[in-house]
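Student: One structure, as structure tokens, below. Some questions next.
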Amino acid sequence: MAPDFRSRTTLLNHIRHTKQFYDARCTDPSGGLYHFYKDDGTIYDAHTRHLVSSTRFVFNYAMACRQFGADGESGAADRQRLRHALAFLRDAHRDPVTGGYAWQLDWNNGQRRVTDATNHCYGLAFVLLAYSHALMAGETQAAPWIAETFELMEQRFWDPQHGLYADEASADWSQLDGYRGQNANMHTCEALIAAFEATGNRAYLLRAETLAHNIAVRQAALADNLVWEHYHADWTVDTEYNRHDKGNIFRPWGYQPGHLTEWAKLLLLLERHGAQLANNPNWLLPRAVELFDAALAKAWDHEHGGIYYGFAPDGSICDDLKYFWVQAESLATAALLAGRTGEARYWTWYDKIWAYSWEHFVDHQHGAWYRILGADNSKLTDEKSPAGKVDYHTMGACYEVLNVLKKD
């Protein structure tokens, strides 16, 4: 029987259960945290370190310190893991010469070898997010690193003509790739909101506001009022990019319902700071409603439950797999919309997505969520957490819902 998903106790217990999957086995004493886990927690790659996992682990343990910090030994252990993860991000991923961050490393008992030094705006967005949450968790040494990362992104990726960030550059910054994408800008928006909340620097909030309007309104006007993923260097829509690369986890083809609901969430987070925005915030809530409603109308699986991964411009489902993060982000947004609008239909969606996820995605035996399921919710792999997962989306969703559920 499913628990009461509108109970703070349920969500806090679920965060603990998810976190405990990683707690017992994630720390590499020689540096950093392990990134690759089978369903039962077995580490299946002890050496590869991906920037997205390294940064998301900082977020995970920073949030744990803020939520459970007084919990005796476990609180102290979370603090230790946070500092361990933060040091690895700073000392192993960052190149002090270029200022960039290695996308992927091979780490063998303290021996560091960069296997992919490409600079990704998506990666720097999560560096900014990690430093911001570390500061909010009391790690004051991260404060200057926030400004440093923002300035690096300003110098290397910001495109003032279009009011958005470019996506990818070579290791030495000499070559800026012509690809442009919404995903890096979405997560930069998320990181900038966190940077504002950590520092009070309004410039970060205003940049987040600019990104949100330029993607969710201006660029959306080029693509059926939805958020297309891929663009040319002049920010015209690129309808062909990765059309035949279904498995690309950072640049998938088609409309992403999970990104529509994630943008809806970010618009609602911006609205919380409406008095400090540059422009009238009245557009944020209606746009959030439109994006969420479109995602669920087009991508909910009425036969097997859950939200499909992608749909094509003609509205057909182009990727019928179920991904954990799509469900997690969408249930969080449903709760935020329910709290903001008072409309019961959003609580209905929240309960529905949670009940589906509880039945099919949550590993009640070992902890954490499965990453991907078939259209019929069948298991496809025993790799619970490959590069980039570490349940940042699932625990993050629970923390966001806790901001709505003020008391049991």
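The values are calculated or read from the model by the stated rules, or taken from the named source; none is laboratory data. Everything numeric in this text was worked out from a predicted model, so none of it was measured. In this analysis, Cβ positions are derived from the backbone assuming ideal geometry, glycine residues included, and neighbour counts consider all displayed protein chains. We work out accessible area using only protein heavy atoms, side chains counted, and drop any ligands, DNA or RNA first. Shrake-Rupley method; radii C 1.70, N 1.55, O 1.52, S 1.80 Å.
Student: With the structure loaded, tell me whether Tyr346 is over 20 Å from the mean Cα position of the chain (by Cα) and crowded, with 17+ Cβ neighbours inside 10 Å or whether it fails that test. Explain how you work it out, then say what you get.
Tutor: Values: over 20 Å from the mean Cα position of the chain (by Cα): yes; crowded, with 17+ Cβ neighbours inside 10 Å: yes.
In short, yes.
Student: Also: Within the range 55-62, is there a residue that is at pLDDT 95 or above, open to solvent by 40 Å² or more (accessible area, probe 1.4 Å), within 22 Å of the chain's Cα centre (by Cα) and farther than 12 Å from Val127 by Cα? Walk me through how you get there before you give the answer.
Tutor: Taking the range 55-62 as the starting set, the residues that turn out to be at pLDDT 95 or above are 55-62.
This time we only want the ones that are open to solvent by 40 Å² or more (accessible area, probe 1.4 Å), so: none.
No - not one qualifying residue is present in the range 55-62.
Student: Could you list all residues from the range 355-375 that are over 22 Å from the mean Cα position of the chain (by Cα), surrounded by 13 or more Cβ atoms within 10 Å (Cβ to Cβ) and part of a loop (DSSP other than H, G, I, E, B)?
Tutor: His366, Ala375
Student: Right, another one. In the range 101-130, what count of residues is obtained for those that are polar (S, T, N, Q) and open to solvent by less than 30 Å² (accessible area, probe 1.4 Å)? Explain how you work it out, then say what you get.
Tutor: Applying the first criterion (polar (S, T, N, Q)) to the range 101-130 yields 104, 108-109, 111, 115, 118-119.
Right, trim to open to solvent by less than 30 Å² (accessible area, probe 1.4 Å) and you get 119.
Selection size over the range 101-130: 1.
Student: Within the range 1-15, restricting attention to residues that are of a type in the set (A, V, I, L, M) and part of a helix (DSSP H, G or I), which residue is surrounded by the fewest Cβ atoms within 10 Å (Cβ to Cβ)?
Tutor: Initially, the range 1-15 is screened for residues of a type in the set (A, V, I, L, M), giving 1-2, 11-12, 15.
Subsequent filtering for residues that are part of a helix (DSSP H, G or I) retains 11-12, 15.
Details: Leu11: 23, Leu12: 16, Ile15: 23.
In this case the residue turns out to be Leu12.
Student: Then there's this: From the list Ser170, Ser174, pick out the single residue that is of a type in the set (Gly, Ala, Ser), open to solvent by 30 Å² or more (accessible area, probe 1.4 Å) and touching a Ser or Thr at 6+ places or on another chain (Cβ under 9 Å).
Tutor: On the way: Ser174 fails: touching a Ser or Thr at 6+ places or on another chain (Cβ under 9 Å).
Exactly one residue qualifies, and that residue is Ser170.
Student: If Cys318 satisfies all but one of (1) in a strand (DSSP E or B); (2) farther than 22 Å from Ile249 by Cβ, what's the number of the condition it fails?
Tutor: With (1) in a strand (DSSP E or B); (2) farther than 22 Å from Ile249 by Cβ applied to Cys318, the lone miss is (2).
Student: Answer yes if at least one residue in the range 180-195 is more than 30 Å from Glu290 (Cα to Cα) and either in contact with an Asp or Glu (Cβ under 9 Å, 6 or more places away or on another chain) or open to solvent by less than 10 Å² (accessible area, probe 1.4 Å) (or both), and no otherwise. Give the derivation first.
Tutor: Of the residues in the range 180-195, the ones more than 30 Å from Glu290 (Cα to Cα) are none.
Within the range 180-195, not a single residue is more than 30 Å from Glu290 (Cα to Cα) and either in contact with an Asp or Glu (Cβ under 9 Å, 6 or more places away or on another chain) or open to solvent by less than 10 Å² (accessible area, probe 1.4 Å) (or both).
Student: Of everything in the range 247-291, what is of a type in the set (Gly, Ala, Ser), open to solvent by 20 Å² or more (accessible area, probe 1.4 Å) and under 22 Å from Cys121 (Cβ atoms)? Give them in sequence order.
Tutor: Gly247
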